[in-house]
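Asks: Here you go, one structure.
Each value in this text was obtained by applying a stated rule to the coordinates, not by laboratory testing. Just so it is clear, the structure is predicted and the values come from calculations on it, not from any experiment. Cβ atoms come from the backbone with ideal geometry, glycine included; neighbour counts cover every protein chain shown.
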Ligand code: CA
């Protein structure tokens, strides 16, 4: 046995002296029958630019060879539109035959399903997880030899050990909650020396961080989630990478990133992307400035970078069978580049969904970034981005549920005014509506632990147009104060670690208070799951009176009346005001309490800080 293995080792060494010329080839493989069939291979190796590549395959044509000032890189443009499944050889030659060598590249069979994949939509509820803080399913990967930062659960900004196996272990919990899609913050390798747990400083775009698992395990997560009727959304970062990224440490070309050349922070003023009065320097610093010292800003106006990002994104969708992207810092990218990136993905998967983080505070500014925007059209801009996030609703709901006394501008009028501006959005039903996320204050912190306020907020996002999104832990009343640092809004989910005293993943392990939060959320979301009128129905809303907001979601078959009483006092609602929606409906069932309500009477009484979600009956 020993002799054989020694022989194999010697054979491998013999092979690798030639093949070691190539340290990396990306994408690592591709597929046939893709719409995207003009492939650009990034080939990385010592002095590789001094070689001439050739291919002996009549179905594959080299259409271009690009070289930069860095001789470690060669970009090979291939037409694979007629290519067949299997491997083909790429020959590299230069003067003196002894140097010649070949490598194999694989084109895999594409699954039929992948062309028709349907992304997440308004029938879904998205559950946002920070994987390092959710559930530790494999303690052996908490620290690894190949990654710099080691586990330290005592440090709020450190790595705590949560991983992909942990998410797989909790799929039933997520399903029971009534969520139907999982958005995990980035799982790709982030091998920065500190604060690597957040994952937004990616160091290897084709590799899952070993502290989370492997590429295969990520694919397995998608499979297992799909088996349970859950979709998987990848958090994609187009704007920047980590400073430890291998491509940053040996830049393919000077203009791969924006260099000033000293560190230059972004001014984060995204209005400069469309403000006709904006100075050029302000616009440049917003777009080209770095998000942070350890996050070099990628130059999406460089075609090599853009192609790399497009291919990497499509590769992950196809490889892991994904149902959507959430794109980080969408509106900080070069806007022409990000538009091409988005369009390329949507051309490949017309029914896919991508939600971009456009963290702005008025609807005109946010709607600028949605596909076919009327605001964007003023300057002939189209991002092709299907979905954006309702940050203005978030602004409203984080304020109004603490406003007991309705004034002209305070209380539920904030929600009403938000939806009054929906005409600005090309598709107001493809917008993410959310209570909180990994960058915002925890909703239960804002509500100071008042479950009644939480219930109102969740009722609102679960019944208005759009795609509701919850942030892990809020559904069990988890708190955390952003003023104490980001680590505090990203606390470990109780029960995610073996010796946790409190296990909120199981009903027997939850405290009474956690159970109350969970039961309410689960009941509402599971009802929503099967209530199509909430997914696609029209909306009519009524100007709030005394801090009570009433709206209807309806279609030809069904109508649901939602009453949100944000007043701390009991209110009496005069029903005749809603005659245009109540029509022939004379009764209804409040799905939150399973109570039958008589709507033929003149009025309806609703307790303070309570909501009713009434399925109307004739
Ligand atoms: Ca782990």
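Asks: If you stretched the chain out fully between residue 501 and residue 172, how much longer would it get, using 0.36 nm times the residue separation minus the C-alpha to C-alpha distance?
Replies: Full-extension gain reported as 116.4 nm.
Asks: Using Cα atoms only, what is the angle between the long axis of helix 512-529 and the major principal axis of the chain, expressed in degrees (0 to 90) to the nearest 10?
Replies: 80
Asks: Give the distance, in whole Å, between the Cα centre of the stretch 176-236 and the Cα centre of the stretch 280-321.
Replies: Taking the Cα centre of the stretch 280-321 as reference, the centre of the stretch 176-236 is 19 Å away.
Asks: Which length gain, in nm to one decimal place, applies between residue 246 and residue 362 when the Cα-Cα distance is subtracted from 0.36 nm times their residue separation?
Replies: Difference between extended and current length: 37.9 nm.
Asks: Moving to a separate point now. How far apart, in nm, are the 7 Å Cα→Cβ label points at residue 558 and residue 267?
Replies: Placing both labels 7 Å along Cα→Cβ, they lie 5.0 nm apart.
Asks: Something else now. Give me the angle, in degrees from 0 to 90, between the Cα long axis of helix 335-348 and the longest principal axis of the Cα atoms of the chain, rounded to the nearest 10.
Replies: 90
Asks: On to the next question. Roughly speaking, what is the centre-to-centre gap between the stretch 97-122 and the stretch 404-438 when only Cα atoms are used, to the nearest Å?
Replies: Centre-to-centre distance over Cα atoms comes out at 42 Å.
Asks: Next up: Based on alpha-carbon centroids, what's the gap between the stretch 573-618 and the stretch 460-530 in Å, whole number please?
Replies: That distance is 29 Å.
Asks: Another question, then. Can you give me the relative contact order of the chain as a percent, contacts being Cα pairs under 8 Å and 6 or more apart?
Replies: After rounding, I find 11 percent.
Asks: Moving on to the next point. Note the full-extension length gain between residue 143 and residue 574 as 0.36 nm times their separation in residues minus their Cα-Cα distance, in nm to one decimal.
Replies: Gain on extension, residue 143 to residue 574, equals 149.0 nm.
Asks: With each label point set 7 Å from Cα along the Cα-Cβ vector, what nm distance links residue 150 and residue 284?
Replies: In this crude label model, residue 150 to residue 284 measures out at 4.6 nm.
Asks: To continue, here is another question. Tell me the angle of helix 451-463 to the major Cα principal axis of the chain, expressed in degrees between 0 and 90 and rounded to the nearest ten.
Replies: Rounded to the nearest ten degrees, it is 70.
Asks: Now, a different point. Would you compute the Debye intensity of the chain from its alpha-carbon atoms alone, equal scatterers and no solvent, and pass along log10 I(q)/I(0) at q = 0.12 Å⁻¹ to two decimals?
Replies: -1.28
Asks: A follow-up question, please. So what is the relative contact order of the stretch 537-617, in percent, for Cα pairs below 8 Å that sit 6 or more residues apart?
Replies: Contact order relative to length: 32 percent.
Asks: Label residue 115 and residue 224 with points 7 Å out from Cα along Cα→Cβ: what is the distance between them in nm?
Replies: About 3.2 nm separates the two model spin labels.
Asks: Oh, and also: Using 1/(1 + (r/R0)^6) with R0 = 45 angstrom and r between the beta carbons of residue 67 and residue 515, what's the FRET efficiency to the nearest 0.05?
Replies: Plugging the Cβ-Cβ distance into 1/(1 + (r/R0)^6) gives 0.10.
Asks: Pop the C-beta distance of residue 47 and residue 89 into the FRET formula with R0 = 22 Å and round what comes out to the nearest 0.05.
Replies: 0.60
Asks: Another question, then. Using a cut-off of under 20 Å, list every residue of the stretch 452-476 whose amide N is near the label point 7 Å from the Cα of residue 546 along the Cα-to-beta-carbon line.
Replies: Label zone hits: 453, 456.
Asks: Normalised by the number of residues in the stretch 464-539, what is the relative contact order in percent for Cα pairs under 8 Å and 6+ residues apart?
Replies: After rounding, I find 32 percent.
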